[in-house]
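The values are calculated or read from the model by the stated rules, or taken from the named source; none is laboratory data. The model shown is predicted, which means the values in this text are computed figures rather than measured ones. Positions of Cβ are generated from backbone atoms using ideal geometry, with glycine treated the same way; all protein chains shown enter the neighbour counts. Ligands, DNA and RNA are stripped out before the accessible areas are found, and what is left, the full protein with its side chains, is counted by its heavy atoms. Shrake-Rupley method; radii C 1.70, N 1.55, O 1.52, S 1.80 Å.
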Amino acid sequence: RAISLALAADGRSVAVADLLGDEARAVAAEITGQGARAVAVDLDVTDPASVLGAIETAAGSLGPLEILVNNAGWDELRPFVDTDEAFWERVLDVNFKGALRMTHALLPGMMERGFGRIVSIGSDAGRVGSSMEAVYSGAKGAAIAFSKTIAREAARDGVTANTVCP
């Protein structure tokens, strides 16, 4: 919500994309109530078809997408020894692979147009580790390294990629 409101306050049209569709619609309504352009989009970053559908819906309503904020996140506090493959997959799918899917779908168009901004929400857990969050820390660390690499690969084409670690 805060990111969407800040982008709208900066004069941007905003696609509020979320797994929680009702909440996305409420934020989009709040933005349009303030006189800015916004559309709510149902999005599950763990589902490649949902990613492509969400992008199609957003671009169809707002035009070419110039800014991507990778903000999907999920975790449960657990000692690493109490986790299993299913848990690892869920944490990685939401916190890392979701950003891969979104970036992979949007980056080519940004590069073709010569402009794009990709901001991934990381975590200090990805920089220094965090007790009870071994897999999450690894996923956020991967997101940090991924953003650095995308920044290097896309800079000549006018695209920046950064990670913010609150």
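Which one of these is under 22 Å from Leu43 (Cα atoms) and not in a strand (DSSP E or B): Ala155, Ala86, Ala145?
Ala86
If we scan region 101-121, do we find a residue that is over 26 Å from Gly53 (Cβ atoms), among the charged types (D, E, K, R) and assigned to a helix (DSSP H, G or I)?
Scanning region 101-121, I find no residue that is over 26 Å from Gly53 (Cβ atoms), among the charged types (D, E, K, R) and assigned to a helix (DSSP H, G or I), so the answer is no.
Check off (1) within 26 Å of Ala151 (Cβ to Cβ); (2) part of a helix (DSSP H, G or I); (3) open to solvent by 60 Å² or more (accessible area, probe 1.4 Å) for Val81 and give me the number that stays unchecked.
All conditions pass for Val81, except number (1).
Return the pairs, sorted by first residue and then second, in which the second residue is part of a loop (DSSP other than H, G, I, E, B), the first residue lies in region 19-33 and is open to solvent by less than 60 Å² (accessible area, probe 1.4 Å), the beta carbons are less than 7 Å apart, and the residues are 6+ apart or on different chains.
Partner pairs satisfying both residue conditions: Val27/Arg1.
In this structure, is Leu5 within 19 Å of Met110 (Cβ to Cβ), surrounded by 17 or more Cβ atoms within 10 Å (Cβ to Cβ) and touching a residue at least 24 places away in the same chain (Cβ under 8 Å)?
When the stated conditions are applied, Leu5 does not pass them.
Condition first: closer than 27 Å to Asp82 by Cα and free of Cβ contacts under 8 Å to residues at least 12 places away in the same chain. Can you find one or more residues in region 148-161 that meet it?
Checked region 148-161: no residue is closer than 27 Å to Asp82 by Cα and free of Cβ contacts under 8 Å to residues at least 12 places away in the same chain.
Can you name the residue in region 122-135 that is in contact (Cβ under 8 Å) with a residue 12 or more places away in the chain and assigned to a helix (DSSP H, G or I) and is also nearest to Asp44 (Cα to Cα) among such residues?
Only one residue fits best here, namely Val135.
Determine which single condition Ser147 fails, assuming it passes every other condition in (1) of a type in the set (S, T, N, Q); (2) touching a helix residue (DSSP H, G or I) at 6+ places or on another chain (Cβ under 9 Å); (3) open to solvent by 40 Å² or more (accessible area, probe 1.4 Å).
With (1) of a type in the set (S, T, N, Q); (2) touching a helix residue (DSSP H, G or I) at 6+ places or on another chain (Cβ under 9 Å); (3) open to solvent by 40 Å² or more (accessible area, probe 1.4 Å) applied to Ser147, the lone miss is (3).
Within region 37-44, does at least one residue satisfy the condition of being acidic (Asp, Glu), at pLDDT 95 or above, in contact with a helix residue (DSSP H, G or I) (Cβ under 6 Å, 6 or more places away or on another chain) and open to solvent by 70 Å² or more (accessible area, probe 1.4 Å)?
yes
Being of a type in the set (A, V, I, L, M), surrounded by 15 or more Cβ atoms within 10 Å (Cβ to Cβ), at pLDDT 95 or above and touching a Ser or Thr at 6+ places or on another chain (Cβ under 8 Å) is the requirement here; does Ala134 meet it?
Considered against the rule, which asks whether it is of a type in the set (A, V, I, L, M), surrounded by 15 or more Cβ atoms within 10 Å (Cβ to Cβ), at pLDDT 95 or above and touching a Ser or Thr at 6+ places or on another chain (Cβ under 8 Å), Ala134 comes out as yes.
Just checking, which of Gly116, Gly129 is closer than 17 Å to Lys148 by Cβ and not hydrophobic (A, V, I, L, M, F, W, C)?
Going through Gly116, Gly129 in turn, just one is closer than 17 Å to Lys148 by Cβ and not hydrophobic (A, V, I, L, M, F, W, C): Gly116.
May I ask you to list the residues in region 45-73 that are surrounded by 19 or more Cβ atoms within 10 Å (Cβ to Cβ) and either assigned to a helix (DSSP H, G or I) or of a type in the set (D, E, K, R) (or both)?
Val51, Ala54, Ile55, Ala58 - these are the residues of region 45-73 that are surrounded by 19 or more Cβ atoms within 10 Å (Cβ to Cβ) and either assigned to a helix (DSSP H, G or I) or of a type in the set (D, E, K, R) (or both).
Determine which member of the set Leu62, Leu52 is modelled with pLDDT of 95 or more and either over 17 Å from the mean Cα position of the chain (by Cα) or basic (Lys, Arg) (or both).
Answer to the check: Leu62.
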